[in-house]
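Beneath this line is the structure, given in structure tokens, with notes to follow.
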Amino acid sequence: ITSCQEDDGISSVNNERKDIALSRTEQQLVDENVKFAFSFFNKMNEQETEKANWLISPLSASIALSMTANGADDTSLNQIQNVLGFKGFQMEEINSYYNRIIGELMALDNTTKFNLANSVWLHNDFNVYDSFVNINKEKYDAEVTSLDLSSPLALETINDWSAKQTEDLIPVLI
């Protein structure tokens with residue numbers, strides 16, 4: 001269906017398709033990410049017995065697992081990479097890929113609002129390497145916060161963060 005009518009007072013926005021030129025490694029990671037997304041959806045659908053409406057983001061799940069992988073080693077790292085289909089890739093390749101994808105997606109379409117918010121919540125007496133914190137901040141644009149996770153205020157703090165980041169679309173994350 002087409003129309004020749006032009007609405008007065010509404011400026012047209014140039015929204016031409018913008019391709020993202022990917023390196024060979026980035027394309028391989030995209031291919032594996034797509035496989036993960038379909039597998040993830042299938043597993044979630046198998047678990048859903050109530051047939052309720054639900055919304056899940058495979059991209060957010062793969063980003064969260066990749067962020068976590070930066071703090072893992074040996075068996076845990078291998079398991080995370082296997083689940084994502086990223087076996088054989090170096091963490092630097094994975095981190096750079098997500099950094100690139102996050103940046104490109106945020107600037108891809110000027111007619112669609114797209115927000116992506118990443119965070120790491122650490123118990124205040126849990127020590128992590130500075131490299132873990134720095135990689136997640138720099139590559140994933142994540143907020144890294146330490147707080148007393150046993151406190152009732154922790155839940156409120158995390159949910160308030162979620163509400164703010166999603167403009168109240170996700171007021172209760174946990």
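The values are calculated or read from the model by the stated rules, or taken from the named source; none is laboratory data. What you are looking at is a predicted structure, and each value in this text was computed from that prediction instead of being measured. Counting neighbours? That spans all protein chains shown, and the Cβs are built from the backbone with ideal geometry, glycine included. Keep in mind that these areas ignore ligands, DNA and RNA; they rest on the heavy atoms of the full protein, side chains included. Shrake-Rupley method; radii C 1.70, N 1.55, O 1.52, S 1.80 Å.
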Exception for Ser96 within (1) over 30 Å from Ser23 (Cα atoms); (2) small (Gly, Ala, Ser); (3) open to solvent by less than 80 Å² (accessible area, probe 1.4 Å); (4) in contact (Cβ under 8 Å) with a residue 12 or more places away in the chain falls at (1)
Show the residue pairs meeting these rules: Cβ distance below 7 Å; 6+ apart or different chains; first residue within the stretch 113-138 and at positive phi and of a type in the set (D, E, K, R); second residue open to solvent by 50 Å² or more (accessible area, probe 1.4 Å) and assigned to a helix (DSSP H, G or I).
none
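Of Glu143, Glu156, which residue is in contact with a Lys or Arg (Cβ under 9 Å, 6 or more places away or on another chain), among the charged types (D, E, K, R) and open to solvent by 70 Å² or more (accessible area, probe 1.4 Å)?
Values: Glu156 fails: in contact with a Lys or Arg (Cβ under 9 Å, 6 or more places away or on another chain).
It is Glu143.
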Could you list, in sequence order, all residues of the stretch 106-141 that are over 12 Å from the mean Cα position of the chain (by Cα), under 30 Å from Ile20 (Cβ atoms) and either modelled with pLDDT under 95 or of a type in the set (Asp, Glu) (or both)?
Ala107, Leu108, Asp109, Asn110, Thr111, Thr112, Lys113, Glu138
Sort out which residues of the stretch 117-139 are exposed (fewer than 12 other Cβ atoms within 10 Å of the Cβ) and within 15 Å of Met91 (Cβ to Cβ), and write them in order of number.
Tyr129, Ser131, Glu138
Check on Lys113, open to solvent by 70 Å² or more (accessible area, probe 1.4 Å), among the basic types (Lys, Arg) and either assigned to a strand (DSSP E or B) or under 22 Å from Ser57 (Cβ atoms) (or both)
yes
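Confirm whether Ile174 is modelled with pLDDT under 95 and surrounded by fewer than 16 Cβ atoms within 10 Å (Cβ to Cβ).
On the way: modelled with pLDDT under 95: yes; surrounded by fewer than 16 Cβ atoms within 10 Å (Cβ to Cβ): yes.
Spelling it out, Ile174 is indeed modelled with pLDDT under 95 and surrounded by fewer than 16 Cβ atoms within 10 Å (Cβ to Cβ).
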Hits in the stretch 79-126 (condition: among the small types (Gly, Ala, Ser) and touching a Lys or Arg at 6+ places or on another chain (Cβ under 6 Å)):
Gly85
Do you know which residues across the stretch 142-154 are assigned to a helix (DSSP H, G or I) and modelled with pLDDT of 95 or more?
Leu153, Ala154
Count, please, the residues in the stretch 155-170 that happen to be in contact (Cβ under 8 Å) with a residue 12 or more places away in the chain, part of a loop (DSSP other than H, G, I, E, B) and more than 18 Å from Leu59 (Cα to Cα).
1
